[in-house]
Amino acid sequence: YSLGEAYPNPFNPETTIEFSLPVDEHVRIGVYNTAGQLIASLADESLSAGAYKTTWDARDQSGELVSSGVYFYRMQAGDFMATHSMTLLK
């Protein structure tokens with residue numbers, strides 16, 4: 001399992017996140033604000049083993065642009081969990 005650093009970081013208007021799975025697994029990747037609230041869900045699906053990319057366009061669940069600041073993205077797959085930070089600059 002791996003969760004890469006977001007690039008570019010800092011970003012505007014979008015950033016890319018790479019991740020990989022060694023086995024078929026259900027994957028969840030969410031973006032959270034500094035208060036720990038879920039802002040956007042980037043993945044919530046069963047995937048085959050392999051390497052993947054997802055992007056975040058700085059929009060929340062309702063499609064609204066979020067404000068500049070630090071956000072965290074977390075990947076959960078099986079027993080694996082990793083969290084990294086990214087910064088949105090406008």
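The values are calculated or read from the model by the stated rules, or taken from the named source; none is laboratory data. Nothing here was measured: the structure is a model prediction, and the numbers come from that model. Neighbour counts run over all protein chains shown; Cβ positions are idealised from the backbone, glycine included. Keep in mind that these areas ignore ligands, DNA and RNA; they rest on the heavy atoms of the full protein, side chains included. Shrake-Rupley method; radii C 1.70, N 1.55, O 1.52, S 1.80 Å.
Screening residue 90 against (1) farther than 15 Å from residue 6 by Cβ; (2) open to solvent by less than 70 Å² (accessible area, probe 1.4 Å); (3) touching a residue at least 60 places away in the same chain (Cβ under 8 Å) leaves a single unmet condition, (2). Could you go through the range 17-24 and let me know if any residue there is under 14 Å from the mean Cα position of the chain (by Cα) and of a type in the set (A, V, I, L, M). Yes, the conditions are met somewhere in the range 17-24.
Name every residue in the range 10-27 that is part of a loop (DSSP other than H, G, I, E, B), in contact with a strand residue (DSSP E or B) (Cβ under 6 Å, 6 or more places away or on another chain) and open to solvent by less than 80 Å² (accessible area, probe 1.4 Å), in order of residue number. Explain how you work it out, then say what you get.
Of the range 10-27, the ones part of a loop (DSSP other than H, G, I, E, B) are 10, 12-14, 22-24.
This time we only want the ones that are in contact with a strand residue (DSSP E or B) (Cβ under 6 Å, 6 or more places away or on another chain), so: 10, 14.
10 - this is the single residue of the range 10-27 that is part of a loop (DSSP other than H, G, I, E, B), in contact with a strand residue (DSSP E or B) (Cβ under 6 Å, 6 or more places away or on another chain) and open to solvent by less than 80 Å² (accessible area, probe 1.4 Å).
When the residues of the range 52-71 are filtered to those that are surrounded by fewer than 16 Cβ atoms within 10 Å (Cβ to Cβ) and among the aliphatic types (A, V, I, L, M), the one that is nearest to residue 17 (Cα to Cα) is 70.
Any residue at all in the range 72-83 that's among the small types (Gly, Ala, Ser), open to solvent by 30 Å² or more (accessible area, probe 1.4 Å) and without any contact (Cβ under 8 Å) to a residue 24 or more places away in the chain? Among the residues of the range 72-83, not one is among the small types (Gly, Ala, Ser), open to solvent by 30 Å² or more (accessible area, probe 1.4 Å) and without any contact (Cβ under 8 Å) to a residue 24 or more places away in the chain, which makes the answer no.
Selection of the range 28-51 for residues being open to solvent by less than 70 Å² (accessible area, probe 1.4 Å), assigned to a strand (DSSP E or B) and not polar (S, T, N, Q) yields 29, 30, 31, 32, 39, 40, 42, 43, 47, 50.
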